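Peer 1: Supplied in structure tokens, the structure appears directly below.
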Amino acid sequence: MKITVNSKIIPNTKFTTAMIGCFLRLPLTRHNLAYASLLTRMQLNASLYYPSIGIQEKTLSNLYDLSFDATPQLFGKEIVISYLANFIEPQEILDPEYTYEKIISTVASIVQHPLFDQDLLNYTKSQLSEDLQELLEEPANYALDRFFKLWYEQDPDYGDNFMGPLEEIEGATVDSLKNFSDGLRIVPATIVGFARDDQQVTNIINQNFKQAGLIKRFQIDDLTIPAPHKDALSKIEKRGNLQAQIMIGYGFAGKMTYRDQIAGMVLAQYLAGDQSSKLFVRVREELGAAYAIDSNNYSNNSLFLISAGLDPELTEQAIQIIKDEIVKISDGQIDPELFKKAKKSLKNLQLVGRDQENWQLAQALRKELFAGYAEFDRDQAISRVTSKQLISFAQKLFLNESYVLQ
Amino acid sequence: MISPKIISQKYTSGFMAQIILRPQFNQRFFGIIVDFGSSDPQAIPGSAHFLEHKLFAKKSGDISHRFEELGADVNAMTSFNETMYFCSGVDHNRQLIELLFELVGEPYFTADNVAKEIPIIQQELAMYQDDPNWPISNTLMQELFGNSNLGIDVAGTKESIASINVAALKAVYQRNYYAQNMRFIACGDFNEGQIQYIFRLVGQLQQKYIKVAKFEQDLTKATGKLRDRMIVNKTNSNVFGLGINLKNFKKVLSSYELSQILLEIMLESKLGIMSPWFEAMKAKHLLANSLQIAVNYTRQGNFATIYGVADHSQAVIEAIKSEIMRPFSKEELPYAKEFFELQKKEWLAQNKRALNNIPYLAMEMAEELLDYEDSSQNLRNLQTMSFSDFLKYSQELLKEYDFCSASFAKKGEN
């Protein structure tokens, strides 16, 4: 009987580089996130067959600067541990020793054979601790971290936005990390990518990647975290910054369908997608309060988030403008020209996205992860979004949390 | 093997245009680069950056809205010696190019629109200043280049931004925005007919919008006090920076870019993550993450910066200085040679990777066009360079230098 392995490599006719991504899916908990962060960071440093930073770096450098990344990504209730390899297509390099076989076997050995060594573990812990400290010194990151911790106050497993709790990381031992890593062999996994010789790469992948998880169902029916109800929690924290960071979070009532997601993306574009967008004009140009303003539809978190760095003196006015705009849209007051422009920009962004290797790989992952995603025509859905859909989306939003860092 | 086709044209005014072909890509990128940036002569620091913001203002309003009506993105950036205006879209090539020339070539400064821009740019500066890296990089640049325009943030200071007015903007515009000082770049998938059309259109538009003039460039070098500074700050960050004033930085094989590459390779070979030095620092628990090393050349001064994060930043700064001053020992030469050969591979790969990133490729090529550099030739020179030549060139470039540094004072220190 032939076993179907979750691997899908498509032909690359456009880029000078090929890409493969190996993805492992497991439930999001604070513990899993902390251990996934620690393990992947360790693998970026060294592995069983390349047992020091210098040796592993040299190996990758010798493969024409093979870019290897390993990190946990969050998708609602799930973590997807992502191993990404971006490498120059061998046809681009006149070097007979630089082959798909050599590249993929190197990547496979780093991914599948971590090094469990006390010194490496200690060193990696110090890196993560340093990274987190420096990351949170940046006000926008600190504000985002605090925002999510408050958003998921009742469900702390979902509240870590960066690497999981530091105390879990610091408490990890070689044995506990090895147990976690051993457990990953059986979690659902998939490998996707693109390469000039897609068939050869598929064959080499099938020979080199042997996790049991590769024959499990990777797709998941629902990973959405419903929005908690927080009665419009409002929190102000002071850290003496020059700019105030604001995070205005709206919960989305009910399950967000793919069509809702598209409406949410159009709304984000309409509000803060570019310089003619509603909030950009009102908060930056008219109020002179901000340099930049941003909005994002976190569909897997049922969260629509608007954020900005503002003149602290004008924070209240800016927040009021944001709230007013959402109310206006739910009341059907939509600028038709701006709406048309937002749709056109979003369509173009999809087209430009196809020029980017990471975007292509991210789409390939989503097709494997989300049921029905591959069949859903996003371009057509953007073209067909109506102002009614935008209104309906805005009507399902409820102000859940307002966080200000000063 | 993919090699981009590049077509160039020079007009009688001195204006130059270049088209880089990248078949199959959806995005079309257009840019105009000006040989004038924040560290060039200007009466009020931050004027070049302010001008970059304010050129978007037109009598009919913000011109970016007209780009966006076409579904295009538009933006601009100011660096030490350059300002670039660029847009990208998937269609409407003609309209985008016309708008781009109008953006750069038709200033509309009023007391009111200049006053409105002041708080926005001050917020931009505040955004940078809240980042703990800013006090370090700002102090480092001041120590390297004092209160010259190169020593001050690209955006200026809060006070200098507040003092910019219509007259100041007009003065820097008149002095720096002229045909010989500007280049046009296009990158994307264009057919033969479109290429010819773009060159014709650019020819007409540069005639309409860009004046012909010639001014001499001021090449006065700036120098700061070059001290080791400790900054008292509320932050818990352990970021530090080290600056190297490169007094003997010059062209290698007719190229500043090649000099920059060679010096970066030299510094990486000594301090990079593969180096024995880094291994020793790691073993002593002095460094956990790699250092960020960059070499810069500007008309006002040439310098290298090294940034890192360390609990004991003073000890690391001293160790970096010692390592840079120390020549390779005989025993270390095989490692250095192997590292140099690996770097050749990395630069070849970087060159290949750049072809996949339309905006990055276009910006790099625009700078090259302005500086009369040839990155393909530089890459060939690097690939064929012997290790002994590399050592000779990089030692020459590092012949005379001064250090300075910036770090945060720990509690109890000052």
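The values are calculated or read from the model by the stated rules, or taken from the named source; none is laboratory data. For clarity, every value in this text was computed on a predicted model and none was experimentally measured. All Cβ positions, glycine included, derive from the backbone under ideal geometry; neighbour counts span all protein chains shown.
Peer 1: Give, as residue ranges, the helices (runs of 4 or more DSSP H) completely inside segment A:117-172 that count at least 3 residues that are more than 30 Å from residue A:48 (Cβ to Cβ) and either among the charged types (D, E, K, R) or touching a helix residue (DSSP H, G or I) at 6+ places or on another chain (Cβ under 8 Å) (or both).
Peer 2: A:139-151
Peer 1: How many of the residues making up segment B:123-148 are more than 7 Å from chain A (Cβ to nearest Cβ) and either surrounded by 20 or more Cβ atoms within 10 Å (Cβ to Cβ) or assigned to a helix (DSSP H, G or I) (or both)?
Peer 2: Residues that pass the stated criteria total 16.
Peer 1: Run down B:290, B:329 and say which single residue is more than 22 Å from residue B:31 (Cα to Cα), free of Cβ contacts under 8 Å to residues at least 24 places away in the same chain and touching a Gly at 6+ places or on another chain (Cβ under 8 Å).
Peer 2: Only one candidate qualifies: B:290.
Peer 1: Taking only segment A:1-53 into account, find how many residues are free of Cβ contacts under 8 Å to residues at least 40 places away in the same chain and part of a helix (DSSP H, G or I).
Peer 2: Selection size over segment A:1-53: 2.
Peer 1: What's the number of the only condition in (1) crowded, with 21+ Cβ neighbours inside 10 Å; (2) of a type in the set (Asp, Glu); (3) modelled with pLDDT of 95 or more that residue A:324 fails to meet?
Peer 2: (1)
Here's the yes/no breakdown for (1) at pLDDT below 95; (2) surrounded by 20 or more Cβ atoms within 10 Å (Cβ to Cβ):
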residue: A:111; (1), (2): no, yes
residue: A:122; (1), (2): no, no
residue: A:129; (1), (2): no, no
residue: A:142; (1), (2): no, no
residue: A:145; (1), (2): no, no
residue: A:158; (1), (2): no, yes
residue: A:162; (1), (2): yes, no
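Peer 1: Still on this structure, please answer the following. Across segment B:62-83, what is the total count of residues that are modelled with pLDDT under 95 and farther than 18 Å from residue A:345 by Cα?
Peer 2: Adding up the residues that qualify gives 0.
Peer 1: In the list B:248, B:233, which residue meets the criterion of being more than 17 Å from residue B:325 (Cβ to Cβ) and surrounded by fewer than 18 Cβ atoms within 10 Å (Cβ to Cβ)?
Peer 2: Testing whether each residue is more than 17 Å from residue B:325 (Cβ to Cβ) and surrounded by fewer than 18 Cβ atoms within 10 Å (Cβ to Cβ) leaves just B:233.
Peer 1: Please state which of the following conditions residue A:65 fails to meet, knowing it meets all the rest: (1) over 16 Å from residue A:200 (Cα atoms); (2) within 14 Å of chain B (Cβ to nearest Cβ); (3) touching a residue at least 24 places away in the same chain (Cβ under 8 Å); (4) of a type in the set (Asp, Glu).
Peer 2: Residue A:65 satisfies all of (1) over 16 Å from residue A:200 (Cα atoms); (2) within 14 Å of chain B (Cβ to nearest Cβ); (3) touching a residue at least 24 places away in the same chain (Cβ under 8 Å); (4) of a type in the set (Asp, Glu) except (3).
Peer 1: How many residues does segment A:282-317 contain that are away from chain B (no Cβ under 11 Å), part of a helix (DSSP H, G or I) and more than 18 Å from residue A:390 (Cα to Cα)?
Peer 2: 6
Peer 1: Identify the residue in segment B:232-260 that is in contact (Cβ under 8 Å) with a residue 24 or more places away in the chain and within 14 Å of chain A (Cβ to nearest Cβ) and, among all such residues, is nearest to residue B:302 (Cα to Cα).
Peer 2: Once the filter is applied, the top-ranked residue is B:241.
Peer 1: With respect to residue A:238, determine if the residue is among the basic types (Lys, Arg) and away from chain B (no Cβ under 14 Å).
Peer 2: Criteria not met by residue A:238.
Peer 1: Got a sec? Which of B:373, B:341, B:346, B:368 is among the acidic types (Asp, Glu), part of a loop (DSSP other than H, G, I, E, B) and farther than 30 Å from residue B:139 by Cβ?
Peer 2: Just a single option satisfies the conditions, and that option is B:373.
Peer 1: Of these, B:101, B:86, which one is of a type in the set (Phe, Trp, Tyr), part of a helix (DSSP H, G or I) and at pLDDT 95 or above?
Peer 2: Unique residue meeting the criteria: B:101.
Peer 1: Here's a follow-up. Could you please find all residues in segment A:19-62 being of a type in the set (Gly, Ala, Ser) and within 11 Å of another protein chain (Cβ to nearest Cβ)?
Peer 2: If the condition is that a residue be of a type in the set (Gly, Ala, Ser) and within 11 Å of another protein chain (Cβ to nearest Cβ), then A:52, A:54, A:61 are the ones that fit.
Peer 1: For segment A:348-373, name all the residues that are surrounded by 20 or more Cβ atoms within 10 Å (Cβ to Cβ) and either in the same structural domain as residue A:72 (by TED's automatic domain parsing) or of a type in the set (D, E, K, R) (or both).
Peer 2: A:355, A:357, A:368
Peer 1: Filter segment B:271-297 down to residues that are of a type outside the set (Val, Ile, Thr) and more than 14 Å from chain A (Cβ to nearest Cβ) and give me whichever is farthest from residue A:126 (Cα to Cα).
Peer 2: B:297
Peer 1: Also, quick follow-up: Within the group A:288, A:249, A:254, A:240, which residue is buried (at least 22 other Cβ atoms within 10 Å of the Cβ) and in the same structural domain as residue A:373 (by TED's automatic domain parsing)?
Peer 2: Step by step, each of A:288, A:249, A:254, A:240 is checked, and only A:249 is buried (at least 22 other Cβ atoms within 10 Å of the Cβ) and in the same structural domain as residue A:373 (by TED's automatic domain parsing).
Peer 1: Name the residues in segment B:282-337 that are among the basic types (Lys, Arg) and part of a helix (DSSP H, G or I), would you?
Peer 2: B:282, B:321, B:330, B:337
Peer 1: I'm trying to understand the selection: among the residues of segment A:279-302, which are under 18 Å from residue B:67 (Cα atoms) and more than 26 Å from the chain's Cα centre (by Cα)?
Peer 2: Matches in segment A:279-302: A:281, A:285.
Peer 1: Further question: In contact (Cβ under 8 Å) with a residue 60 or more places away in the chain and either out of contact with any helix residue (DSSP H, G or I) (no Cβ under 7 Å at 6 or more places or on another chain) or away from chain A (no Cβ under 11 Å) (or both): is that true of residue B:300 in this structure?
Peer 2: Taking the combined requirement at face value, the residue satisfies it.
Peer 1: Another question, then. List the number of the failed condition for residue A:342; all other conditions in (1) part of a helix (DSSP H, G or I); (2) of a type in the set (A, V, I, L, M); (3) over 28 Å from the mean Cα position of the chain (by Cα) hold.
Peer 2: Going through (1) part of a helix (DSSP H, G or I); (2) of a type in the set (A, V, I, L, M); (3) over 28 Å from the mean Cα position of the chain (by Cα) one by one, residue A:342 breaks only (3).
Peer 1: Going through B:348, B:342, B:398, B:333 one at a time, which residue ends up being touching a helix residue (DSSP H, G or I) at 6+ places or on another chain (Cβ under 9 Å), away from every other protein chain (no Cβ under 11 Å) and more than 30 Å from residue B:134 (Cα to Cα)?
Peer 2: B:333
Peer 1: Can I ask one more? Hey, residue A:269 hits all of (1) touching a helix residue (DSSP H, G or I) at 6+ places or on another chain (Cβ under 8 Å); (2) within 30 Å of residue A:22 (Cα to Cα); (3) within 14 Å of chain B (Cβ to nearest Cβ); (4) crowded, with 17+ Cβ neighbours inside 10 Å but one; which does it fall short on?
Peer 2: Exception for residue A:269: condition (2).
Peer 1: So, one more: Out of B:273, B:317, I need the residue that is within 30 Å of residue B:385 (Cα to Cα) and out of contact with any His (no Cβ under 9 Å at 6 or more places or on another chain). Which one?
Peer 2: The conditions single out B:273.
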